[in-house]
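Structure first, commentary second.
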């Protein structure tokens, strides 16, 4: 709506089926995370129009960011992966898990492996990750309400 584009949502059971639907012409486009689409983009089977990352992705250097195209920052939410634990997990365990994840995320081998999937390793804190999740839930709830999306 913010971009003045009408897109009919076609529900798929995940990124893989939606990419297959795009490849076969069943649907005309998909919005998906880079890791699922990268191999097909690199093989020339899919054309990436833009990335929602804050900067261009090294594996697709010619693909502009949404910001470069003038798309407002609140239109898309970047994909992220995080580790969750039960709410009652003791803080020392949370801190130990976070320290291990931060250490792993800074490892050159881990960074290189993630890069092969078009992913960028970003270390964070449990509080920052919690805030990201709360913000996304709030933003997506507003979006669902605004467009009248109903569960199927």
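The values are calculated or read from the model by the stated rules, or taken from the named source; none is laboratory data. Source: prediction; values computed, not measured. Here Cβ is always computed from backbone atoms with ideal geometry, including for glycine, and neighbour counts include all displayed protein chains.
All but one of (1) surrounded by fewer than 13 Cβ atoms within 10 Å (Cβ to Cβ); (2) in the same structural domain as residue 9 (by TED's automatic domain parsing); (3) closer than 21 Å to residue 16 by Cα hold for residue 54; state the number of the condition that does not hold. With (1) surrounded by fewer than 13 Cβ atoms within 10 Å (Cβ to Cβ); (2) in the same structural domain as residue 9 (by TED's automatic domain parsing); (3) closer than 21 Å to residue 16 by Cα applied to residue 54, the lone miss is (3). Restricting 36, 21 to residues that are closer than 28 Å to residue 138 by Cβ and either in the same structural domain as residue 146 (by TED's automatic domain parsing) or assigned to a helix (DSSP H, G or I) (or both) narrows the list to 36.
For region 51-150, please list each of the helices (runs of 4 or more DSSP H) lying entirely inside it that holds at least 1 residues being under 14 Å from the mean Cα position of the chain (by Cα), at pLDDT 85 or above and closer than 26 Å to residue 36 by Cβ.
It comes to 108-115, 126-147.
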